[in-house]
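Student: Questions regarding the structure given below will be posed in turn.
The values are calculated or read from the model by the stated rules, or taken from the named source; none is laboratory data. Just so you know, these numbers come straight off a predicted model, no measurement behind them. Don't worry about glycine lacking a Cβ; one is built from the backbone with ideal geometry, like all the others, and counts go over all protein chains shown. The accessibility values were calculated without ligands, DNA or RNA, using every heavy atom of the protein model including side chains. Shrake-Rupley method; radii C 1.70, N 1.55, O 1.52, S 1.80 Å.
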Amino acid sequence: MADQFMEQMRPEARPVGIGPIEVASRVRANPDHQQYTADRAVARVLCNGISGIIAAMDGVGSGGQDSAQAAEIMQKILYDEIQLENPPTINQAVELLKQLISDAAAKIRQLQKDLSNPNVDTTISVGIVCWSPDRRRCFLVTANVGDSRIYRYRPETGELDQLTVDHSVVQRLVDEGIITSDEAFTHPDRNLVYRTVGLLNDPKKIDIKVVEVQPGDIFFAASDGLSDNITRHGLPFALHEELLMAYDPRIGRPNLQRFASDLAQKAINIMSTEAEHAKLDDVCVAVLRVPRNN
């Protein structure tokens with residue numbers, strides 16, 4: 001399947017200003033059920049470090065423990081069915097992600113039948129690095145179904161952007177002006193989503209976004225176990241703090257695995273507090289760093 005997405009580029013063309021891409025991930029179980037987690041993450045370097053992919057999947061709670069199987073279907077597809085020799089263009093990346101999510105949707109619907117449980121399902125937020133044919137411009141293409149998220153963080157400026165839009169009840173209320181973003185954060189229905197992979201019957205329902213990548217950018221995919229516990233106001237400070245703490249003088253840059261692990265742990269720590277917004281949940285984080293070429 002991947003052959004149709006391979007792009008033939010001039011062998012002498014090299015990415016401008018960007019070093020080898022780094023990735024890391026961490027998944028933590030809900031403290032109330034340490035024996036299993038319905039969250040899954042993907043963090044892969046592709047094309048010898050010229051590209052990479054991150055994803056966060058969150059098994060739908062109403063499906064119970066079996067929803068972990070739905071998340072695993074999506075995870076397995078992203079690991080097994082993306083085998084690229086060259087990084088994709090924007091159009092190729094869009095078509096690839098739509099096809100893979102649609103493939104997962106069909107398999108999840110079959111799983112629902114096999115288990116006689118229509119609630120077994122998962123969310124997905126996935127991002128893949130792609131290039132212009134001359135490798136002069138670099139982009140991240142994201143695809144989203146549900147309320148897992150992808151963010152872009154620029155450490156030099158502290159700028160944080162949420163790239164995906166939640167397919168959730170509270171996001172609709174925010175969009176309609178019924179509640180504010182801050183009120184959504186503590187709303188009793190903040191865990192309810194209206195779009196999931198298993199419910200997907202039209203690839204047009206997959207939200208796609210394309211952003212240009214700058215050297216130094218950090219992208220991370222996360223389940224709502226993170227975004228429901230670290231406030232939107234506190235997240236930029238948490239990222240700054242954890243990135244500093246993860247700096248490793250032996251390699252001259254942050255240890256990305258420590259960064260991902262500590263960020264997930266921060267969300268877990270908040271769950272044990274008496275904060276109004278604290279919510280017990282699984283947590284997954286997948287991080288992709290696009291370093292400057294030294």
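Student: For the range 37-76, what does the accessible surface come to per residue with a 1.4 Å probe? Please give it in Å².
Tutor: So the range 37-76 comes to 30 Å² accessible per residue, rounded to a whole number.
Student: Sort largest first and round to whole Å: the equivalent ellipsoid semi-axes of the chain, each the square root of five times a Cα gyration tensor eigenvalue.
Tutor: 29, 24, 17
Student: Projecting each Cα onto the charge dipole of the chain (Lys/Arg +1, Asp/Glu -1 at the beta carbon, about the Cα centre), which of PRO87, HIS167, ILE54 comes out farthest on the positive side?
Tutor: Of PRO87, HIS167, ILE54, it is PRO87.
Student: I'd like to check one number: the per residue accessible area of the range 219-264, probe 1.4 Å, reported in Å² as a whole number. Don't skip to the answer; put the middle values down first.
Tutor: Values: 2000 Å² over 46 residues.
About 44 Å² of surface per residue is accessible.
Student: Please list ARG135, ARG172 from largest to smallest accessible area, probe radius 1.4 Å, with all protein chains kept in place.
Tutor: ARG172, ARG135
Student: Could you compute how much accessible surface GLU212 exposes when probed at 1.4 Å, giving the result in Å² to the nearest 10?
Tutor: 80 Å²
Student: So if each residue of separation counts as 0.36 nm, and I subtract the Cα-Cα distance between ASN48 and SER116, what length gain in nm does that give? Mind showing how you got there, number by number?
Tutor: Details: separation 68, 0.36 × 68 = 24.48 nm, distance 4.26 nm.
Fully extending the segment from ASN48 to SER116 adds 20.2 nm.
Student: For LYS266, LYS76, give me the order by solvent-accessible area with a 1.4 Å probe, most accessible first, ignoring ligands, DNA and RNA.
Tutor: Greatest to least solvent exposure: LYS76, LYS266.
Student: Under 5 Å between amide hydrogens, which residues at least 5 positions from THR164 or on another chain qualify, with H placed 1.01 Å from N in the peptide plane?
Tutor: ILE150
Student: Quick one, could you list the DSSP H helices from the chain stretching 30 Å or more along their long axis (Cα atoms) with average Kyte-Doolittle hydropathy of -0.5 or above?
Tutor: Values: long enough: 90-115 (37 Å, -0.04).
Flagged H segments are 90-115.
Student: Along the Cα-to-C-beta direction of SER62, a point sits 7 Å from the Cα; which residues of the range 204-227 have their amide N less than 19 Å from that point?
Tutor: Backbone N within reach: 224-225.
Student: Can I ask one more? Got a number for carbon plus sulfur as a percent of the chain's accessible area, 1.4 Å probe? Mind dumping the intermediate values first?
Tutor: On the way: 6090 of 13220 Å².
Ligands and nucleic acids excluded, carbon and sulfur give 46 percent.
Student: Still on this structure: What value does the range 190-294 have for Rg/Rh, both radii from Cα atoms and Rh as Kirkwood defines it?
Tutor: Here the Rg-to-Rh quotient is 1.03.
Student: For the range 95-143, state what percent of all Cα-Cα pairs lands in each successive 5 Å bin, counting from 0 Å until the bin that includes the largest distance.
Tutor: Spelled out bin by bin, the range 95-143 gives 5, 17, 21, 16, 13, 11, 7, 5, 4, 2, 0 percent.
Student: Under a 1.4 Å probe, what is the accessible area of the range 139-203 per residue, stated in Å²?
Tutor: Numbers: 2940 Å² over 65 residues.
Using a 1.4 Å probe on heavy atoms only, each residue of the range 139-203 averages 45 Å².
Student: Using C-alpha positions alone, give me the convex hull volume of the range 236-294 per residue in cubic angstrom.
Tutor: In the range 236-294, the Cα convex hull volume per residue is 94 Å³.
Student: Report, largest value first, the span of the C-alpha coordinates of the range 14-134 along each principal axis, in whole Å.
Tutor: Principal axes ranked by extent give 50, 30, 17 Å for the Cα atoms.
Student: Heavy atoms only, 1.4 Å probe, whole protein assembly: order ASP114, ASP228, ASP189 by accessible area, highest first. Don't skip to the end; give the middle numbers.
Tutor: On the way: ASP114 105, ASP228 15, ASP189 60 Å².
Largest accessible area first, the residues go ASP114, ASP189, ASP228.
Student: With all protein chains present, calculate the accessible area of LYS107 using a 1.4 Å probe and round the result to the nearest 10 Å².
Tutor: For LYS107, solvent-accessible area is about 100 Å².
Student: While we're here: With 16 Å as the cut-off, how large is the P(r) tail for the range 138-231, expressed as percent of Cα-Cα pairs?
Tutor: 60 percent
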